[in-house]
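Only one structure is covered here, and it is reproduced in the block below.
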Amino acid sequence: MNICFVGTGYVGLVSGVLFSDFGNTVYCVDNDKKKISNLEKGIIPIYEPGLEELVIRNFNSKRLIFTTDINEAIKKSDIIFIAVGTPPSKDGNSADLSSVFSVAKTISNNLNKHKIIITKSTVPLGTGDEIEKILSKKNKKNLFDVVSNPEFLREGEAIRDFKYPDRVVIGTNNVNKVTPIMTKLYEPIIKKGGKFIVVKRRAAELIKYAANAFLATKITFINEIANLCEKSDINVEDVAIGIGTDARIGSRFLRAGPAYGGSCFPKDTKALVKTAEKYNVNLNVVKSVIHSNDARSNLIANKILKIIKKPKGKKIGFLGVTFKANTDDMRDSSCLSIIPKLINKKCKINYYDPTGRKDIFEKNKSILFYNNIDSVIKNSDLVVIHTEWDEFKSLQFDKFRKKEKIIIFDLRNLYHPDDFINKKIKYFSIGRPQNV
Ligand code: UGA
């Protein structure tokens, strides 16, 4: 099949490359000329393990075409994915759909044969209806089908998540025509056991938000249980195992830690509440999750201040600053709320991140980047393990500063308190006994 992805951001690039890897001809379109010429040279704009070699391989085999010529790419394709950004709108609570609608207009001008137009970007309930209206202005209804096919990829795990998804969700109001085409497109995944779910288009749009809100709820729930564990001499991991083995609950996304972040959960939970308000529905649970998560960074910052006692001039070393491991993404990373609170109390921040120095910290004189873990540990009064990168998991803390005490605050529970018994190391973690 000939497929066009409009938007070579995270979703568009990963999905486009993998569809070409299945043998389709894929046009990846972007209006950013530099990005397109870089991609042609094998320079990837995002950090995603395994992506670079897939891009190079499929580009060389000529199944993957990078282009800025959106009109031509649309004309040549049977299926067009809209994968442009839907950033938070000015009020911060809903999604800005201007790019999605602008692409819809361009598609409308280039409908030379029947095409399936798919929203892959996360779009609010009813967006497919709006796209359909735009296309109907110029084109006969039998010339297009607007479908919702939300993605459930996690940054850092995107290739595996694409190839082996729990399910593929297709939202269409024209089941008979669309289902065979979408089944063919996803055949390699369905054959490997991925569930294929066909629902109405609006249902698919809501599934995406409901899934993210539910996962955010699960994390927030275990984070609150962790707070209780700390006060009641219980290990939160025991509780997570105890409840997670109940198949009705499930063990994944029960890792207590700092506040959840990233480009999805914070934005999507707020957008869902906003959408529900339009329908006069009060999503109290999701509102509480947002509130609890916002409060969590304050709680963690206060714990840090309690551990170091006298904050003025103290050096706090962060290992990892992105919102989670295996990504270079800083969006809504919990440290962006924690660090300013510490600086406010006159702390100095050292940090190391496997994905390098971060622009967002560059102009701040209180924040210093080190290009190795050892220097951060050596030069800090407290080491905060902020993300769960593999390279932070087996550190030999003993070798640092042999005489002085090392204090560690492990926000991801990568270590166990027993690891530090009889060592000159003070260890704090999340949701375990003997915490601050
Ligand atoms: C999330 C969803 O997991 C994907 O299914 C979805 O496709 C994506 O959003 C999206 O909407 O595009 P992502 O934001 O990449 O993926 O990251 P997650 O792995 O879900 O982690 C989100 C946040 O939750 C991170 O801050 C992570 O550290 C935190 N988290 C996750 C926990 O604190 N505990 C957990 O057990 C799991």
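Pairs linking a residue in segment 305-331 that is under 13 Å from residue 382 (Cα atoms) and outside any loop (DSSP other than H, G, I, E, B) to a residue that is within 14 Å of the ligand (Cβ to nearest atom) and aromatic (Phe, Trp, Tyr), with Cβ atoms under 9 Å and 6 or more positions apart or on different chains, are 319/389; 319/392.
Quick grid of which residues meet (1) within 16 Å of the ligand (Cβ to nearest atom); (2) of a type outside the set (Lys, Arg); (3) surrounded by fewer than 17 Cβ atoms within 10 Å (Cβ to Cβ):
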residue: 1; (1), (2), (3): no, yes, yes
residue: 10; (1), (2), (3): yes, yes, no
residue: 20; (1), (2), (3): no, yes, no
residue: 33; (1), (2), (3): no, no, yes
residue: 58; (1), (2), (3): no, yes, no
residue: 68; (1), (2), (3): no, yes, yes
residue: 71; (1), (2), (3): no, yes, yes
residue: 95; (1), (2), (3): yes, yes, no
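With respect to the conditions (1) over 17 Å from residue 393 (Cβ atoms); (2) within 16 Å of the ligand (Cβ to nearest atom), residue 320 lacks only one, and its number is (1).
Give the residue that is farthest from residue 332 (Cα to Cα), with candidates limited to residues of segment 251-283 that are within 16 Å of the ligand (Cβ to nearest atom), out of contact with any helix residue (DSSP H, G or I) (no Cβ under 6 Å at 6 or more places or on another chain) and part of a loop (DSSP other than H, G, I, E, B). Applying the filter and picking the extreme gives 252.
Within segment 100-117, can one find any residue that is touching a strand residue (DSSP E or B) at 6+ places or on another chain (Cβ under 8 Å) and more than 16 Å from residue 80 (Cα to Cα)? So far as segment 100-117 goes, no, none of its residues is touching a strand residue (DSSP E or B) at 6+ places or on another chain (Cβ under 8 Å) and more than 16 Å from residue 80 (Cα to Cα).
A single member of 392, 409 is buried (at least 17 other Cβ atoms within 10 Å of the Cβ), more than 24 Å from residue 313 (Cα to Cα) and either among the acidic types (Asp, Glu) or within 16 Å of the ligand (Cβ to nearest atom) (or both), and it is 392. For segment 210-234, which positions are of a type outside the set (Ser, Thr, Tyr) and open to solvent by 30 Å² or more (accessible area, probe 1.4 Å)? 210, 214, 215, 218, 221, 224, 225, 227, 228, 231, 233, 234, listed by residue number.
A quick yes/no check of all residues on (1) open to solvent by 40 Å² or more (accessible area, probe 1.4 Å); (2) of a type in the set (Gly, Ala, Ser):
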{"site": "240", "(1), (2)": "no, yes"}
{"site": "243", "(1), (2)": "yes, no"}
{"site": "247", "(1), (2)": "yes, yes"}
{"site": "262", "(1), (2)": "no, yes"}
{"site": "266", "(1), (2)": "no, no"}
{"site": "275", "(1), (2)": "no, no"}
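Residues in segment 125-142 that are in contact with a strand residue (DSSP E or B) (Cβ under 9 Å, 6 or more places away or on another chain) and open to solvent by 50 Å² or more (accessible area, probe 1.4 Å): 132 only. Residues in segment 138-181 that are more than 13 Å from the ligand (Cβ to nearest atom), closer than 20 Å to residue 86 by Cα and either at pLDDT below 95 or touching a Pro at 6+ places or on another chain (Cβ under 7 Å) (or both): none.
All of (1) of a type in the set (A, V, I, L, M); (2) under 28 Å from residue 45 (Cβ atoms); (3) away from the ligand (no atom under 16 Å from the Cβ) hold for residue 342 with one exception: (2).
The values are calculated or read from the model by the stated rules, or taken from the named source; none is laboratory data. Model, not experiment: these values are computed from the prediction. We place every Cβ from the backbone using ideal geometry, glycine too, and count neighbours over all the protein chains shown. Accessible surface is based on the protein model in full, side chains and every heavy atom, while ligands, DNA and RNA are left aside. Shrake-Rupley method; radii C 1.70, N 1.55, O 1.52, S 1.80 Å.
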